[in-house]
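Data block below; observations after.
The values are calculated or read from the model by the stated rules, or taken from the named source; none is laboratory data. On a predicted model such as this, the values are computed, not experimentally measured, just so you know. For neighbour counting, all protein chains shown are included, and Cβ atoms are generated from backbone atoms with ideal geometry for every residue, glycine included.
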Amino acid sequence: MKKLLTLVLALAMLVSVCAFSASAEELVDGKFAETKHITVEIYNRNNDGGTDPTNNVYTDYIKQGMLEQHNVEVEFVSIGRWTEVDDMNTALASGDAPDVCVTYSYPTIAKYAQMGGIVNLNDIGGKKLEEYKDILPNLWALLGDNNIYYDQDPESGNLWAVEAKLADNARINTFIRKDWLDKLELPLPTTEEEFYNCLVAFRDNAETLLGADAEKMVPYSTSYDIGWRNDLLFMAYVPDDVKDEELFIHSADDRHLLYPNYKEGVRVLNKWYNEGLVWKDFAEYASDSAHEDDMMKAGFVGAFQHNWDYPYRGGDDSIQANLQRNVGEDAAYIAVDTFVNDAGVHRKFLAQPIDRKVFFPATNDEPIASLLYLDFISDPETIAFLQLGKEGESYNAVEGGFEKLATTGDWLQNSLNNIDYTITVNGLYLGDATEVTTALGYAPVSSDLISIANAAAKADGRVAGYFNVGDIEAEQEYGTQLPTFRDTLLNKAVTAPVEEFDAVYDQGMQDYLDNGGQASIDERTQKLADVYGYTAE
Amino acid sequence: MSNNAVTPQARVGTKQANFKAYMRRYGTLYLLLILPVAFFIIFRYAPMAYILSAFKENNIFKAPWELPWAKNNGFEWFIKAFNDRTFINALRNTLTLNLLDLVCGFPAPILLALMLNELTFKRFKKITQTVLYMPHFLSWIIISGLALRLLASNDGLINILYKRIMGNPDASIPFMSQNSWWVGTYVVLGIWKEAGWGTIIYLAALTGISPELYEAAAVDGAGRFKRIWHVTLPGLRPTIITLLIMNLGRILGSEFDRPLALSNKLVTDVSHVISIYVYQRGLQNSQFSLSTAVGLFQSIVGVIFLVAANSLAKRMGERGIM
């Protein structure tokens, strides 16, 4: 009797569990029968006058949409934007990471995947990601196979993350003071030599250009991040016929440090530095980036390289707007496409169309609901709302696009175009309206300056081919310390006396190679041979 | 406190009665002790079990006792660290900076306390003390910002003045950009920040010196310096020895925010210390076993120094701290 009772009870329990799980997991028209709950990471930028990143009109839209379309409750969890890798590490290590996570650092994901802390997207409920394609039409349309399978291990098929789409791969520009060129009757420089002559002219005419502040003249400025801030100059020294395979082998560093002939580009900057053309104290201000911006805003800086839209970012508080207030209406930084390589091409090495990496930590109990979240956030309608806001409040429709309005209060976007919410895409993604909207997106900065900059940043761009050879273990091991060695090498080399340049550079490069650089090159060479059968001639 | 000691009368009677009487009298004090002891057990001793992860495979999601041993009989991470040039450099830099801090920074508060002690105007002394304490409350991030504006090679205030004085626009002192100058800046800023705060403990010890000793010395004809030498310093000696021993125990410990904030890419050869190594390789790179191993090594060296300094002090006739 007792046995029978136990059996009946056990059966009843089993049946109820089955019934429960079947009904709960079943999607009817993309909706769960029972309300699911997921948490989603959102960067907190702590910007002045910003809104609560976890609760504002944009998150309301997302929450409402997810509930209506998929019956999924969404809760946002904030992670510091400027400490994201550290915060993410802490959250993952303590099991507190949100269900949907995003980071710029793939090595972080790979590291935790090795320890069993990340969901394998190719093994959700025993199914491959492809089998969910039907319920993820927007995600697939936005990212395509390239971004979805970008990080798939070629051997095991494991997939720890999908790569967001980089909608606009404009990267870096050279900017120069147009009003100074006009004053000195110089044309826009089109070669390195002309650019150099402009810098010399700035230096020698400091009194004319700056009057009493002549001492503060900085013809060309850079920061300690030499590799990023002088990339176009250095890339002009990379031979034009270099193969994609060679670039891949030498791409441990996202600043292109290991690209062939890089040293010769750095040599030019070293020469400029020793001729007094470069900001003298750039290396010392490693922990204080606002100082350089302030010099630009005050009008002391003649030229520099930076992110393609850097001086225009921030509307009224942008470098350009400040410059005009401080110096005069005609003062302007304009983008110039100056540096040409051995084939006479204005070569720029642009990034693969990948951006942030989206992943689910192993503590995620709702991977399917989370996938649906990614689909919802990739819906063009969702993207348009998040990027633009509400007509009349945050934008107006104009011919061929949209003009965004300066907003405060509710409709303010904490990040440019709300990229922190559109985690699967970075950059305006509005179809045909994108170009006009981009150019109008920097008011009060003139849209002409933006159009020129956007075109210049992509002219003669080359996207080096991608080879999926799986994780590079050496970079997981040394990835966090290599940038320090790179920066040390470049800072020392640029500030060295001309006659010591070779010795300093070679020593620094040796340190870089000894502390993980060579291991990366060797592993990439080996894996490229294993997977693609490539061997150098 | 002496009247609280167990009186001879209480010793009469059985041991049990003794204990009862003792507990009735001091039980509440022991009750008060429960919280701090619990704190130390839970937050200081229990976590030590995780030292084991220095000898185990790297995995943050499992407790170290569930994990297999690391390679090379569990010493994989130690071997790795000592084969890593970055670590050896960090070790050397940590030792150098800490030794310099000790040699230059340790006597500073003593001298300052002696000087403060000689001040006769009460109010002036109080104000001076307060001003001296203030830098202690500034974070290194703020100090590094101040330091840059003052010391930068070209647009730092001091170098601007220096150029004017020298009449040469190219003259400058590389406070922040040359290895040896940077080390000097690092040490001096450390003294500037902490010396004032460090005087507190010495000033407290000074109040314990009997004024009669000074009067006697004065009667014997001792001048101001003689009195400092023969009365004040001997009075401070136990405090100095105690602090010295404790400082030696921290010889391999390293501050994090100080070198990180003051450093720049030109001086990483001398500014990259163990704490930054642990941060980069451990926290940023999720190599928890490696950083535990490094931390354990730091602690062991610290304990060795502590014990050695302590026994040396004892052999020299001091009380020591253990």
Could you list, in sequence order, all residues of the range B:168-188 that are surrounded by fewer than 21 Cβ atoms within 10 Å (Cβ to Cβ) and among the hydrophobic types (A, V, I, L, M, F, W, C)? B:ALA171, B:ILE173, B:TRP181, B:VAL183, B:VAL187, B:VAL188
When residues of the range A:490-507 are limited to those that are more than 7 Å from every other protein chain (Cβ to nearest Cβ) and crowded, with 20+ Cβ neighbours inside 10 Å, the one nearest to B:ASN154 (Cα to Cα): A:VAL494
Of the residues B:ILE251, B:ILE245, B:ILE241, B:ILE191, which single one is in contact with a Cys (Cβ under 8 Å, 6 or more places away or on another chain), buried (at least 18 other Cβ atoms within 10 Å of the Cβ) and either more than 30 Å from B:ALA308 (Cβ to Cβ) or hydrophobic (A, V, I, L, M, F, W, C) (or both)? B:ILE191
Residues of the range B:129-160 that turn out to be crowded, with 17+ Cβ neighbours inside 10 Å and hydroxyl-bearing (Ser, Thr, Tyr), as a count: 2
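Matching residues to (1) out of contact with any Leu (no Cβ under 9 Å at 6 or more places or on another chain); (2) of a type in the set (Gly, Ala, Ser); (3) assigned by TED's automatic domain parsing to the domain that holds A:PRO107:
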| site | (1), (2), (3) |
| --- | --- |
| A:ARG486 | no, no, no |
| A:LYS492 | no, no, no |
| A:ASP514 | yes, no, no |
| A:SER520 | no, yes, no |
| A:GLU523 | yes, no, no |
| A:TYR534 | no, no, no |
Inspect all residues belonging to the range A:479-489 and state whether any of them is over 30 Å from A:ASP151 (Cα atoms), away from chain B (no Cβ under 14 Å) and either out of contact with any Cys (no Cβ under 7 Å at 6 or more places or on another chain) or in contact (Cβ under 8 Å) with a residue 40 or more places away in the chain (or both). no
So, in the range B:49-66, how many residues would count as being more than 14 Å from chain A (Cβ to nearest Cβ) and surrounded by fewer than 10 Cβ atoms within 10 Å (Cβ to Cβ)? 0
Which one is farthest from the chain's Cα centre (by Cα), of the residues in the range A:97-108 that are at pLDDT below 90 and more than 8 Å from chain B (Cβ to nearest Cβ)? A:TYR106
Restricting to the range B:279-292, name every residue that is surrounded by fewer than 23 Cβ atoms within 10 Å (Cβ to Cβ) and more than 9 Å from every other protein chain (Cβ to nearest Cβ). B:GLY282, B:THR292
Considering the range B:56-81 alone, what residues qualify as being within 32 Å of the chain's Cα centre (by Cα), of a type in the set (Phe, Trp, Tyr) and over 18 Å from B:ASN285 (Cα atoms)? B:PHE75
State yes or no: is A:ASN261 crowded, with 20+ Cβ neighbours inside 10 Å and among the polar types (S, T, N, Q)? no
Over 20 Å from A:TRP140 (Cα atoms), at pLDDT 90 or above and either of a type in the set (Lys, Arg) or not assigned by TED's automatic domain parsing to the domain that holds A:ASN47 (or both): does that describe A:LYS390? yes
Checked A:HIS306, A:HIS346 against criteria (crowded, with 16+ Cβ neighbours inside 10 Å, in a loop (DSSP other than H, G, I, E, B) and under 23 Å from the mean Cα position of the chain (by Cα)); the one match is A:HIS346
I need the helices (runs of 4 or more DSSP H) fully contained in the range B:73-191, keeping only those with at least 2 residues that are of a type in the set (Phe, Trp, Tyr) and more than 13 Å from chain A (Cβ to nearest Cβ). B:76-83, B:122-133
Return the only residue of A:TYR505, A:TYR478 being of a type in the set (Phe, Trp, Tyr) and farther than 18 Å from A:GLY227 by Cα. A:TYR478
Single condition A:ASP355 does not satisfy, out of (1) part of a strand (DSSP E or B); (2) under 20 Å from the mean Cα position of the chain (by Cα); (3) modelled with pLDDT of 95 or more: (3)
Considering residues of the range A:508-537 that are touching a residue at least 12 places away in the same chain (Cβ under 8 Å) and in contact with a Lys or Arg (Cβ under 7 Å, 6 or more places away or on another chain) only, the residue surrounded by the fewest Cβ atoms within 10 Å (Cβ to Cβ): A:ASN515
Sort through B:GLU212, B:GLU255 and tell me the only one that's of a type outside the set (Phe, Trp, Tyr), assigned by TED's automatic domain parsing to the domain that holds B:VAL307 and not in a helix (DSSP H, G or I). B:GLU255
A:THR174 fails exactly one of the following numbered conditions: (1) buried (at least 23 other Cβ atoms within 10 Å of the Cβ); (2) hydroxyl-bearing (Ser, Thr, Tyr); (3) out of contact with any Asp or Glu (no Cβ under 8 Å at 6 or more places or on another chain). What is the number of that condition? (3)
Here is a list: A:ASN341, A:ASN322. Which entry is over 30 Å from B:PHE175 (Cα atoms) and either assigned to a helix (DSSP H, G or I) or among the aliphatic types (A, V, I, L, M) (or both)? A:ASN322
So A:TYR43, is it under 30 Å from A:ASP317 (Cα atoms), at pLDDT 95 or above, in the same structural domain as A:LEU412 (by TED's automatic domain parsing) and touching a helix residue (DSSP H, G or I) at 6+ places or on another chain (Cβ under 8 Å): no
Evaluate the range A:450-465: report whether one residue or more is surrounded by fewer than 21 Cβ atoms within 10 Å (Cβ to Cβ) and within 14 Å of chain B (Cβ to nearest Cβ). no
List every residue pair whose Cβ atoms lie under 7 Å apart, where the two residues are 6 or more positions apart in sequence or sit on different chains, the first residue falls within the range A:261-282 and is touching a residue at least 40 places away in the same chain (Cβ under 8 Å) and within 12 Å of chain B (Cβ to nearest Cβ), and the second residue, located anywhere, is assigned to a helix (DSSP H, G or I) and of a type in the set (Lys, Arg). A:GLY276/A:ARG203
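Residue-wise test of (1) part of a helix (DSSP H, G or I); (2) away from chain A (no Cβ under 13 Å); (3) closer than 16 Å to B:ALA81 by Cβ.
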| site | (1), (2), (3) |
| --- | --- |
| B:VAL270 | yes, no, no |
| B:GLY295 | yes, yes, yes |
| B:ASN310 | yes, yes, no |
| B:ALA313 | yes, yes, no |
Could you tell me whether A:PHE300 is among the hydrophobic types (A, V, I, L, M, F, W, C), closer than 30 Å to A:ASN120 by Cα and either within 23 Å of the chain's Cα centre (by Cα) or at pLDDT 95 or above (or both)? no
Hey, among the residues in the range A:193-246 that are of a type in the set (Gly, Ala, Ser) and surrounded by fewer than 18 Cβ atoms within 10 Å (Cβ to Cβ), which one's nearest to A:ASN491 (Cα to Cα)? A:ALA214
Conditions (1) crowded, with 18+ Cβ neighbours inside 10 Å; (2) free of Cβ contacts under 8 Å to residues at least 24 places away in the same chain; (3) away from every other protein chain (no Cβ under 14 Å) -> B:TRP229 fails only (1)
